[in-house]
Amino acid sequence: MATQKGNEKKSTQDESQKKALEKGSLISMTETPAQAKEVVAQSENGSSLDVAVVLSNMRILHHDEKAIELCLMHIKDIKPDTIIFNGDIIDFHRRSEIDRNPLRIFNDREILAMRRAIIAKIKKQEAARERADKKHKTNTRKMTPHQIERIVSSKSLEMALRQELKVCFGVMKQFRRAHPKDEFIWVYGCQEHYLTAYLKKYFPVLLDELDEFCKETNIQKIYNGTRNNIYQYGKLVIGHWYRGGIESQSGSVAHLLLDQEGVSLVQGHTNRGGWVCRTIPGTKPRFISAFENFSMCKRPVGKNWQLGYSIVYREKDKKRFQVFQIPIAKYGFFWGDKEYRLDPTKVGSWEKAISFSDIHFRFEDKPTLEAILAFTKEYQPDAIYVNGDVPDFPDISRFSNSPLDYLTDEDITNLKSLVLDSKQHGKYLKPRLQRDFEIIHDFFGNLRAICPKARIFWVFGNHDHRLQAYIEENAGQLSGVRRPGDKDEILSLAEITKVSDFNVEVIYSGRNESSTSYGDLLIGHFYKVSTKSSFTARALVQQKLSSLLQPHVHRMGAYYKTLLDGTILVGVEMGCVCRLDPHYMQNPNWQHGFVVIHKKKNSGRFYLQPIQIMDGAFLFGGKRFGRPSSNSASPDKSVVDSSDTKS
């Protein structure tokens, strides 16, 4: 909670909040409009949505049992309808980069005992043949030591493969026992393809046992005879493509698949996390995303792999969906309002925060901003990070802008609010900069009104810096001027907009870039843009060697990096809240969104949930926030489509 400085200061703040609301501020959230928040009707799994869990790259026998235990603990709470095993669930020994010993499931004593048993059986069969030969007075050649060794090797390998299959079946049965009524889908990856081809050639009886297991356990097998297999989950394609290799950087394979497939998808195979977004231009833009789906196996030293899986929410019988990635770090993660840890003594108390950016007042997207503020009012975070570019300030930009004086519908409704009166000029139209200042003041007044206890941070971005840059360039003598006895500059943006009335903490370096830390997370507005989703986050993470949030690019995406010591860094591009049709750019590759943050108290540990906003709405915590679907009569017929909704 922000600190109050005396009764007089508190009285001034309360009065400023009251005035901001009374004068008809930009978005009044004292009463949430019906279209701003929509509660989803509850069903057996706590939602009117279908819930799917997507697991990739278990690589049994190299699976991480602790990660699987965490996953089972989590999905017990969310009660999924579908569990999708998305490729490389088993690790075929003849293709493994981890351990190429085909008998690795047995120890030395077991291997020796197994060999002795096989040799004893062979000798017993030979003795039986010799007795038969004597009886029928025939002569059969005895097997040579080389032939015996070939048989022993083949039988030993068959026993090892059978035992590995049993371990695989045992892991999958854990999920079946926990969720007996769920639909189970097994999308084959390259490891399953290699195993199938090998068993078909050398041990067809084991292939029959694999098929029989799928039938008994009611698992639908998706396999087309190649290394590339997909399952259509509504408009989302979940598949295991043999693309890009496991050495490429986070996000690169996702971009490659978006180029090739042109649809929203979840990709296994890479063993790491990553998320990229893309806007497809048209009369109505179309949004697609690609997710790299982590792994559930033990990480070899030096590999850029991360533990985790994905949750997909999909509207029942509809095409809208939203994907949430669940990274597992130090055998724990945070979901909803709960920390999941195998060791309950390590579960602590957490605080919650949200961060959004790039509103660009006068060019804000009002449905998107309304949805975020509706969520903020309901969620009541402990901290709010408005991460740069609150105003656009086109009038003091070095770039050319329109000379037209645009009026909003609110301006037209209340034209008197645009008229000022002075002794020198008489009545005149309120300057556009003055309107910008008032919008900023009203916005933070609203934010304080709906979250009276939250700490509110305004991290300056390059557009927020424009006022100071303009003063330094055009009226340098006024830079730094203060009222006698004051600490704040008269012409500083924070002072002009009077955000101190609402106890807003301003983070400003005096340059284009400003940043602050929230635990081990760096929250800043960095003046850097790369051409593709997630690539800016990648460059910043590699430069700063820190997990971070990056606005500025107006895109969404996520990049993951595992260091040699096992530390996992994540960079998230957090989207924007401005309009997606700027007058100065045609068909920008932008997306709306924001980020929910959980941070463990008295610790740097944090957990991020980036949320893409589509058509002014999104899904979180079993509820829909934002405006209702335009093609739906009932309130729960539309949810957020994180990839393919048209705006």
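The values are calculated or read from the model by the stated rules, or taken from the named source; none is laboratory data. Keep in mind the model is a prediction, meaning the values are calculated, not measured. Reconstructed Cβ throughout: ideal geometry from the backbone, glycine too, with neighbour counts over all protein chains shown. Each accessible area value is taken on the protein alone, full model and side chains, heavy atoms only, with ligands, DNA and RNA left out. Shrake-Rupley method; radii C 1.70, N 1.55, O 1.52, S 1.80 Å.
Beyond 27 Å between alpha-carbons counts as too far, so tell me which of K330/K601; K66/K561; K377/K427 fall in that bin.
Values: K330/K601 17 Å; K66/K561 21 Å; K377/K427 39 Å.
Pairs exceeding the cut-off: K377/K427.
Regarding the chain, what's the average projected area of the Cα-atom convex hull, expressed in nm²?
With the hull built on Cα positions only, its mean projection is 36.0 nm².
Under the rule of -39500 (n - 2.57) per DSSP H run of 4 or more residues, summed and divided by the residues of the chain, what mean residue ellipticity at 222 nm is obtained, to the nearest 500 deg cm²/dmol?
Taken over the chain, the calculation gives -9500 deg cm²/dmol.
What order, most packed first, do the peptides 475-483, 510-518, 56-64 have when packing is the mean number of other Cβ atoms within 10 Å of each residue?
Ranked from most to least packed, the peptides come out as 56-64, 510-518, 475-483.
How big is the gap, in Å, between the Cα center of segment 553-578 and the Cα center of segment 51-66?
Their Cα centres are 23 Å away from one another.
Post the alpha-carbon centroid distance, segment 436-487 to segment 284-356, in whole angstrom.
One Cα centre to the other: 36 Å.
In nm, to one decimal, how far is the modelled label at Q147 from the one at V347, with both set 7 Å along Cα→Cβ?
Here the answer is 6.4 nm between the modelled labels.
Heads up, I need the accessible area for D520: 1.4 angstrom probe, whole protein in place, Å², nearest 10.
D520 exposes around 100 Å² with every protein chain in place.
Largest first and in whole Å, what are the equivalent-ellipsoid semi-axes of segment 494-552 based on the Cα gyration tensor, each being the root of 5 times an eigenvalue?
26, 13, 9
Using DSSP, restrict attention to beta bridges with both residues in the chain and report what percent are antiparallel, rounded to the nearest 5.
Antiparallel bridges make up about 65 percent of those DSSP assigns within the chain.
Determine the sum of side-chain charges near D211: Lys and Arg each +1, Asp and Glu each -1, restricted to other residues whose C-beta is under 13 angstrom from that of D211.
-2
Apply the Karplus parameterisation 6.51 cos²θ - 1.76 cosθ + 1.60, with θ equal to phi minus 60°, to every residue of segment 522-528 and state each ³J(HN,Hα) to the nearest whole Hz, in sequence, with x for glycine and proline.
8, 10, x, 10, 9, 7, 8
Take each of the peptides 282-290, 187-195, 201-209, average the number of other beta-carbon atoms within 10 Å over its residues, and list them starting from the highest.
Per-residue mean Cβ counts within 10 Å order the peptides as 187-195, 282-290, 201-209.
Suppose every Lys and Arg Cβ carries +1 and every Asp and Glu Cβ carries -1, with no other charges. What dipole size does segment 199-275 come out with about its Cα centre, to the nearest 20 debye?
Values: 8 positive and 8 negative charges, 35 e Å.
Approximately 160 debye in magnitude.
Report ³J(HN,Hα) in whole Hz for each residue of segment 201-215, in order, from the Karplus equation J = 6.51 cos²θ - 1.76 cosθ + 1.60 where θ = phi - 60°; Gly and Pro get x.
Taking θ as phi minus 60°, the curve returns 7, 10, 9, x, 5, 6, 5, 5, 5, 5, 5, 5, 4, 4, 5 Hz for segment 201-215.
Which one, L49, F399, F594, is farthest towards the positive end of the dipole of the chain when Lys and Arg carry +1 and Asp and Glu -1 on their Cβ?
Farthest towards the positive end: L49.
Would you kindly work out the equivalent ellipsoid of segment 263-418 from its C-alpha gyration tensor and give its semi-axes, the square roots of five times the eigenvalues, largest first in whole Å?
Those come to 39, 22, 17 Å.
What is the packing order of peptides 548-554, 608-614, 373-379, 577-583, taking the mean over residues of other C-beta atoms within 10 Å and listing the highest first? Don't skip to the end; give the middle numbers.
Numbers: 548-554: 27.1, 608-614: 23.7, 373-379: 21.0, 577-583: 18.1.
Descending mean neighbour count gives 548-554, 608-614, 373-379, 577-583.
Would you kindly derive the ³J(HN,Hα) couplings of segment 477-484 from the backbone phi angles with the Karplus curve 6.51 cos²θ - 1.76 cosθ + 1.60 (θ = phi - 60°), listing them in order in whole Hz, with x for Gly and Pro?
In residue order, the calculated couplings are 5, 8, 5, x, 6, 10, 5, x Hz.
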